[in-house]
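Engineer: Handing you a structure now.
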There are 2 protein chains.
Amino acid sequence: MNSIQRVLIVGGVHGNEFTGIYVVKKLENHPYLIQRDNFETLTFLANPKAFAAVRRYIDQDLNRSFKKSDLQDLTRSSYEDIRAREINNLFGANGKTPVDVILDLHSSTANMGLTLMTDDRSFNLQLVTYLQSLNPSINIYLSRKSEEYFGLPSICELGCTIEVGAVPQGVLQADFFRKTEALVINALNYFEQYNRGEIPSFDKSLTVYRHIGTIDYPRNESGELQAMIHPQLQFQDYQPLAPGEPIFLTFDGETITYQGESTVYPVFINEAAYYEKGIAMCLTQKEIIHNFY
Amino acid sequence: MNSIQRVLIVGGVHGNEFTGIYVVKKLENHPYLIQRDNFETLTFLANPKAFAAVRRYIDQDLNRSFKKSDLQDLTRSSYEDIRAREINNLFGANGKTPVDVILDLHSSTANMGLTLMTDDRSFNLQLVTYLQSLNPSINIYLSRKSEEYFGLPSICELGCTIEVGAVPQGVLQADFFRKTEALVINALNYFEQYNRGEIPSFDKSLTVYRHIGTIDYPRNESGELQAMIHPQLQFQDYQPLAPGEPIFLTFDGETITYQGESTVYPVFINEAAYYEKGIAMCLTQKEIIHNFY
């Protein structure tokens with residue numbers, strides 16, 4: 001890509017994730033914070049009806065509603081189907097004001113700390129490398145696969161999702177608010193340098209956590225939970241989990257151990273929104289990536 | 001009261017507070033855990049429709065639906081109005097199986113630790129004193145005033161609400177599950193001793209936190225939040241807050257201090273369910289109660 005013309009900052013794709021929503025509201029009240037000389041910055045609250053209801057979504061998860069065939073299917077009429085088409089018609093490649101980069105602001109009940117979720121396109125890896133250089137506590141989670149990923153950011157190849165936690169749904173915590181705001185400002189500063197051809201040079205390696213699958217809770221035939229995240233695993237996102245280590249605890253106090261063949265690094269452990277998706281945690285493998293400059 | 005005939009253990013008054021719901025499910029699957037020689041124990045899931053929807057309530061807060069005049073008003077027809085009448089007709093003083101004691105299981109996004117909420121009737125103070133003697137980390141919160149309190153437990157004078165946290169809505173955490181279960185079992189053991197006239201004797205003083213009021217978030221004319229809980233106050237439930245100490249942080253980074261006249265002890269700080277009620281925290285005063293045996 002030659003230069004960035006337009007950046008989109010999105011909050012409230014999920015209506016009960018307050019951090020991003022209030023960061024976007026603040027930026028809208030103080031537009032000078034996001035004005036830059038060499039590109040345009042837009043802000044957007046993606047699911048205002050879900051925010052008003054303090055729910056993740058009204059009819060279906062907006063962040064699973066951007067499958068190309070679904071966007072083209074005008075018979076789909078749920079609130080989020082309609083909203084996804086509107087968003088695509090605004091900011092997608094053929095939209096009214098197509099954007100080059102999306103920063104998508106989320107929060108999680110899992111202990112994700114400051115996580116940047118993206119894929120391994122060079123531009124994206126360079127962006128998160130820069131942001132991590134300013135805040136070494138940031139985790140990089142490579143989670144997006146083009147064939148399976150139908151989130152809002154899939155309408156645009158570049159950018160990242162900011163995922164902070166642990167914070168409950170429907171709660172605003174000042175520390176995560178400030179950290180999210182700082183990440184957005186730093187990213188905009190980066191785009192400004194990028195457009196000037198002044199990209200700083202870094203060590204050409206980056207530690208990432210690459211998505212490899214998910215694990216569901218133990219359930220009975222009716223789908224009812226039969227166990228909980230083991231207390232030893234709760235809040236241990238990004239920590240190694242070796243075969244044979246505790247993963248679940250049944251209601252009767254029996255420990256269930258991880259049965260995989262090699263050490264993995266779980267994330268999104270005990271995320272509230274994933275119970276209904278059949279996900280107790282996502283599994284990643286830790287990798288070092290080289291030569292992406 | 002002479003002897004306890006029937007005890008009710010309630011979970012899921014709020015459908016997204018999973019701890020109590022899964023404790024009740026476990027006890028229903030293992031009834032021997034709650035069978036005692038000298039009284040009957042019942043279990044009940046209070047708002048199954050809200051649990052299925054993973055929401056606090058469907059139409060209105062069930063735990064504010066037990067006002068006597070509302071229970072008698074048969075024209076009231078919200079899901080929770082109907083449910084409250086059903087519950088009162090089952091377990092209330094004139095119900096089918098009236099209960100003498102209620103243990104009501106809740107969770108909070110605030111850092112409530114293990115809290116027992118009750119009032120200052122001697123029976124209730126003696127019960128929580130016994131439970132605290134087994135687990136000194138328990139906090140006693142005297143929150144119920146008969147004129148203002150319309151929760152489910154108001155259909156019965158005796159018992160307590162168990163409030164654990166911080167845990168997000170829609171999340172089950174194993175440690176709070178086990179602690180809540182232990183509290184229920186210990187309470188049943190106490191009732192058994194009570195009926196036998198074998199109440200253990202304790203120091204006749206008890207430290208309690210008595211409810212004295214609430215504080216809302218700073219808001220604009222439209223009701224929109226203008227500030228967050230100050231990071232120094234987040235998670236500091238049951239800690240002293242003196243006049244002049246930080247309480248809120250505006251989105252622009254300005255600190256707002258507590259303007260009261262004396263030191264208070266906030267609880268329910270940043271409880272998700274209280275944003276809509278206009279409550280950023282509840283204020284208590286710390287007291288030592290004597291002579292309740």
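Engineer: Name the one entry in B:Gly278, B:Gly253 that is in a loop (DSSP other than H, G, I, E, B), over 21 Å from B:Ala166 (Cα atoms) and not basic (Lys, Arg).
Structural biologist: On the way: B:Gly278 fails: over 21 Å from B:Ala166 (Cα atoms).
Unique residue meeting the criteria: B:Gly253.
Engineer: Out of curiosity, is B:Val171 in contact (Cβ under 8 Å) with a residue 24 or more places away in the chain, within 14 Å of chain A (Cβ to nearest Cβ) and in contact with a His (Cβ under 8 Å, 6 or more places away or on another chain)? Spell out how you get there, then give the answer.
Structural biologist: Working: in contact (Cβ under 8 Å) with a residue 24 or more places away in the chain: yes; within 14 Å of chain A (Cβ to nearest Cβ): yes; in contact with a His (Cβ under 8 Å, 6 or more places away or on another chain): no.
No; evaluated as a whole, the condition is false for this residue.
Engineer: Looking only at region A:262-280, how many residues end up being β-branched (Val, Ile, Thr) and more than 14 Å from chain B (Cβ to nearest Cβ)? Please lay out each step first, then the result.
Structural biologist: Residues of region A:262-280 β-branched (Val, Ile, Thr): A:263-264, A:267, A:269, A:279.
Retained after the next criterion (residues that are more than 14 Å from chain B (Cβ to nearest Cβ)): A:263-264, A:267.
Final tally of qualifying residues: 3.
Engineer: So which residues in region A:1-50 are open to solvent by less than 20 Å² (accessible area, probe 1.4 Å), part of a strand (DSSP E or B) and either closer than 30 Å to B:Ala273 by Cβ or free of Cβ contacts under 8 Å to residues at least 12 places away in the same chain (or both), if there are any at all?
Structural biologist: A:Ile9, A:Val10, A:Gly11
Engineer: Out of B:Gln232, B:Gln259, B:Gln239, which single residue is in contact (Cβ under 8 Å) with a residue 12 or more places away in the chain, in a loop (DSSP other than H, G, I, E, B) and within 14 Å of another protein chain (Cβ to nearest Cβ)? Let's see the steps before the verdict.
Structural biologist: Numbers: B:Gln259 fails: within 14 Å of another protein chain (Cβ to nearest Cβ); B:Gln239 fails: within 14 Å of another protein chain (Cβ to nearest Cβ).
Just one listed residue meets the conditions, B:Gln232.
Engineer: How many of the residues in region B:88-108 are of a type in the set (D, E, K, R) and within 30 Å of B:Pro168 (Cβ to Cβ)? Outline the logic, then answer.
Structural biologist: From region B:88-108, those of a type in the set (D, E, K, R) are B:96, B:100, B:104; that's our starting set.
From the residues that got through so far, the ones that are within 30 Å of B:Pro168 (Cβ to Cβ) too are B:104.
Of the residues in region B:88-108, 1 are of a type in the set (D, E, K, R) and within 30 Å of B:Pro168 (Cβ to Cβ).
Engineer: Within region A:281-289, identify whether any single residue is outside any loop (DSSP other than H, G, I, E, B), open to solvent by 10 Å² or more (accessible area, probe 1.4 Å), within 10 Å of chain B (Cβ to nearest Cβ) and not aromatic (Phe, Trp, Tyr), and answer yes or no.
Structural biologist: So far as region A:281-289 goes, no, none of its residues is outside any loop (DSSP other than H, G, I, E, B), open to solvent by 10 Å² or more (accessible area, probe 1.4 Å), within 10 Å of chain B (Cβ to nearest Cβ) and not aromatic (Phe, Trp, Tyr).
Engineer: Which of the residues belonging to region B:242-253 are charged (D, E, K, R) and either more than 12 Å from chain A (Cβ to nearest Cβ) or on the phi > 0 side of the Ramachandran plot (or both)? Steps first, please.
Structural biologist: Step one: of region B:242-253, the residues charged (D, E, K, R) are B:245, B:252.
Selection gives B:Glu245 alone.
Listed here are the residues, each with its yes/no results for (1) of a type in the set (A, V, I, L, M, F, W, C); (2) within 14 Å of chain B (Cβ to nearest Cβ).
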position	(1), (2)
A:Cys160	yes, no
A:Glu163	no, no
A:Ile185	yes, yes
A:Ser201	no, no
A:Pro218	no, yes
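The values are calculated or read from the model by the stated rules, or taken from the named source; none is laboratory data. Remember, predicted model here, so these are calculated numbers, not experimental data. Heads up, the Cβs are rebuilt from the backbone with ideal geometry, glycines too, and the neighbour counts pull from every protein chain shown. For accessibility, only protein heavy atoms count, side chains too; no ligands or nucleic acids. Shrake-Rupley method; radii C 1.70, N 1.55, O 1.52, S 1.80 Å.
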